[in-house]
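Nothing in this text is a laboratory measurement; each read-out follows from the coordinates by a stated rule. If you're wondering where the values come from, they're calculated on a predicted model, not measured in any experiment. Note that we place each Cβ from the backbone using ideal geometry, even for glycine, and neighbour counts take in every protein chain shown.
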Amino acid sequence: MMLTQLIFGIAGGLLFAMGLRSALIRESLLARILAVNVSGAGIFLAFVAIAYRGLEETPDPVPHALVLTGIVVAVSATALALALRRRLEEADDE
Amino acid sequence: MEITLWHLLDSLLAILLLGLAWSALSGTDLKRGVVLFMAFGLLLSLIWARLRAPDLALAEAAIGAGLSGALLLLALRDREKSENKAGQPMSLLRLATVLLMLLLAASFALAYVTAVTSNTGGRLAGLAFGNLEQSGVSNPVTAVLLNFRAYDTLLELAVLLAATLGILALGSERRPFRRPGVLLGALVTWISPLLVIVAGYLLWTGAHAPGGAFQAGALLAAAIVMLRLGGMTSEQLPHQLLQGWLLAGGIAAFMLAGYLATFHDLAFLQYPAGWAGLLILLIESAAMLSIALSLGLAYLGGSPSGWDERSSRGKRS
Amino acid sequence: MTELLGSLFILASLAFFAAGSIGLLRLPDVHARLHALTKADNLGLGLLVAGACLIGGHLLLALKLLLVWLLVMFASAIAANLIARHAMKDGEES
């Protein structure tokens, strides 16, 4: 396995763990949403590192397609979470 | 393994990425955290380019850094009571969480190394590259997204629609921004048409080069964000019925293409021979408009004023 | 020969980007930092674009890169003006 894959795969795992820790520990909802996004980015990094085949060969397109889907779903889930947070704050004020 | 300069670059990028993530997540100032998260998204886009994933780099720059950052910056306005509390759970619980996360990262690393090194059997990539000529496009990522795994993309558009319906149901839109000054108005006037043109270009070129419906849809959503910043009100958006059709249009195009196949005695979403390229272009166009309007309505923050009265509950913030 | 010249341009742009970043970290207030960011970084980007055009070779690539540089200058100039105006207003209030 290539060293590049190892480096980025380990970084992806650490990002995932870092994000999950912040999501559990922080109290602020916005911080938790940021943390879940960071976790997702870590998973995407691991996927794309698996797909990498070196500087000369074309990379594997299937994980790329999965991560592209994941990026779009992550932003729409973030948007829904932010809308829920806004509604929650308004409900707390009433 | 030989260590080249590329590995030095990779290590630097990975360390910078982890450092940015740590400082974005661990500070108490949320504004700083959001801005650092946007920088994190841009660095991630650079890493996608390094890992030879240009479609992902385009999407991450537009969506992960741009749109996500815009949404988070807007959300900073909603003051949250728990943000002012400096309360932390007790230190034993925090230590336990850190240990658990280290264990999780270690098991993730083990699973990752096993997955990459052990099984040298046939991969899906072989199937994808083998059937690329019959797929109707020559960009392998577009072929996988819209032909080989078209069902996954259909479900993804459904998830996008569900999230949009949730956002529309949760309250009315945010208060529009005030009218722009000369400079911001000039920026919006010049950049918005350019964004539309580049989005169309990305959609067309997605068939044979990096690009495609998602990147184009994200650029159109960015155009909606720019127009909003330039003072656009929701009355200037298309009519509510048209918006509903545009939101559902991506899924409708997919279903039509899928059922068109069944009428020719093929499986659902198995494009007829020779028609794949044209069908993919039509589906991508409808999907681009759906994605753009979904993300644009997400930036607006809720159902636009002027829609049915029963949907405008709650205070406007 | 052109590749060597292009690499020299890119190396020069690194110096300007470094100057801009050091200015961001070390200068005292917002207005001074805006100077560093807009002037130094845009010039660095211009040199980078020039180097990339020389290495790339075809005219169409050069035109696209030039368009990128012009757009970045346009957007960063307007953004700098907006930030400076808001900072001045905040400075008057406090």
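Points to keep in mind about this one:
- Stretch gain in nm, segment B:A273-B:Q236, where the contour uses 0.36 nm per residue and the Cα spacing is subtracted: 9.1 nm
- Partner chain coverage, peptide B:51-61 - average Cβ within 10 angstrom: 6
- From phi via Karplus (6.51, -1.76, 1.60), per-residue ³J(HN,Hα) for the range B:104-113 in Hz, x at Gly/Pro: 4, 5, 5, 5, 4, 4, 4, 4, 5, 5
- Site pair C:L63 and A:L88 shows an inter-label distance of 5.2 nm when each label is modelled 7 Å from Cα along Cα→Cβ.
- Seen against the Cα atoms of chain A and their longest principal axis, helix A:29-51 is set at about 10 degrees.
- Cα gyration tensor of chain B - equivalent ellipsoid semi-axes, whole Å, descending: 33, 32, 20
- Sorting B:F263, C:F17, B:F214 from the fewest to the most surrounding beta carbons within 10 angstrom yields B:F263, C:F17, B:F214.
- Full-extension gain in nm, B:Y259 to B:I197, via 0.36 nm per residue minus C-alpha separation: 19.1 nm
- Cβ-derived FRET efficiency at R0 45 Å, B:Y151 paired with B:L99, nearest 0.05: 0.65
- For the pair B:E2 and B:S107, a Förster radius of 30 Å applied to the C-beta separation gives a FRET efficiency near 0.55, rounded to the nearest 0.05.
- Cα coordinate range in the protein assembly as shown, projected on the principal axes (Å, largest first): 70, 62, 58
- Where labels lie 7 Å past Cα in the beta-carbon direction, separation of B:L229 and B:T189 in nm: 1.8 nm
- Enclosed volume per residue, in Å³, of the convex hull spanned by Cα atoms of the range C:2-93: 60 Å³
- Taken over the alpha carbons of the range A:3-93 as equal point scatterers, the Debye sum produces base-10 log I(q)/I(0) values at 0.14, 0.15, 0.17, 0.26 Å⁻¹ of -0.59, -0.65, -0.77, -1.22.
- Phi angles across the range B:243-248 convert, under the Karplus curve 6.51 cos²θ - 1.76 cosθ + 1.60 with θ = phi - 60°, into 3J(HN,Hα) values of 5, x, 5, 5, 5, 8 Hz, Gly and Pro given as x.
- The sum of -39500 (n - 2.57) across all DSSP H runs of n ≥ 4, divided by the residue count of the protein assembly as shown, sets its helix-only mean residue ellipticity at 222 nm to -25000 deg cm²/dmol.
- Whole-Hz couplings from phi, Karplus 6.51/-1.76/1.60, listed for the range B:46-53; x for Gly and Pro: 4, 5, 4, 5, 5, 8, 6, 10
- Under a model in which nothing but the beta-carbon of Lys, Arg (+1) and Asp, Glu (-1) is charged, the protein assembly as shown shows a dipole of about 1060 debye around its Cα centre.
- With neighbour counts taken as other beta-carbon atoms within 10 Å, the residues B:Y259, B:Y112, B:Y271 rank, fewest first, as B:Y259, B:Y112, B:Y271.
- Amide H contacts of A:R53 (H built 1.01 Å from N, under 5 Å, at least 5 apart or other chain): A:D60
- With the simple model of a label 7 Å out from the Cα in the direction of the Cβ, B:L92 to B:H208 spans 6.8 nm.
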